[in-house]
Amino acid sequence: MQISESQIVNGVSSRDRKSFAKLLSICEDNPVMANKIISRLQRKEAHVVGITGSPGVGKSSIINALLSKLSRRVGVIAIDPSSPFSGGALLGDRIRMQSHATDQNVFIRSFSSRGALGGLSPSIFEVCDAFETFDMDMILIETVGVGQSDTEIANIADTVVLLLSPDGGDEIQMMKAGIMEIADIFVVNKSDNPASIGLKTKLEGIIKFGGKNIPVILVNSITGDGVDNLIKELDSRFERIRVDGTFASKRKKRVFFHAQSFLRRKIDTIMQSIESDETDIEKIEKELIKKLCS
Ligand SMILES: Nc1nc2c(ncn2[C@@H]2O[C@H](COP(=O)(O)OP(=O)(O)OP(=O)(O)O)[C@@H](O)[C@H]2O)c(=O)[nH]1
Ligand SMILES: [Mg+2]
């Protein structure tokens, strides 16, 4: 049965999960319609937290641990790599977070990154806005964790949490420069591994050397040890950035990045409809502009 825009608006306002799920699908398939529906809904400014780090560092596990301790409305956006080889990882994420799937205050949705750069989904901005219309207090985004190109999360998140773990060899050495720079909070996960203390000390040394003041928190995502400290740090940061203007300026920039992502998607869609055997770039450009303006 076809569901109308007004039905979705009414459903989402009254916290109906089916209507919200439908809105998320629209975000993926039809950004124009999604933005239109979102603009008709009330939005709450949630704390948008990006969780990033190398594959296997414990991103899904820490989200699971956070969900167990956060007694508030939380949305989870998990980005699955689109590669067919990572089917196992996707299933793992679902199983790890499954225990929270029936919690009325939690809404978890996985999205494909569909080959988009930056380890995020092309519809991430619409999806994040949509979660804010569903009365969420916090939105957790798990990135694919592809390393170098994983810095786009800073364009959308109010706070970026970078996870490291001691079992990945010399992780700091392997980290690409850009990813270290976008972190607002560092978490050394897998604190049950004794090498985690050394990693924390090393990281603190690097941060101090760089003249920065970024917290490093030791966590065990399986037992939940240290997760309370992370929640405290997240909450105090959210309070701080709302007072000192960082939040407002990040949100302003987010609108720009949203527009950029929206227009890229639009151009991509038009390009797919242009004759692929056309070899004259100027003609292709003219055709694109004509379709963009129509
Ligand atoms: N010992 C220990 N193992 C952990 C901890 N946190 C996560 N793990 C394990 O590490 C493995 C990877 O955890 P995930 O949460 O799937 O890691 P991820 O970063 O989400 O992985 P991808 O999504 O595939 O990039 C799993 O086998 C977890 O059980 C921890 O604190 N201690
Ligand atoms: Mg994961």
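Data table
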read-out: Tally, over region 101-140, of residues that are in a strand (DSSP E or B) and at pLDDT below 95; value: 7
read-out: Meets criteria (in the same structural domain as residue 218 (by TED's automatic domain parsing), at pLDDT below 95 and not hydrophobic (A, V, I, L, M, F, W, C)) for residue 68; value: yes
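The values are calculated or read from the model by the stated rules, or taken from the named source; none is laboratory data. These numbers were taken from a predicted model, which means no experiment stands behind them.
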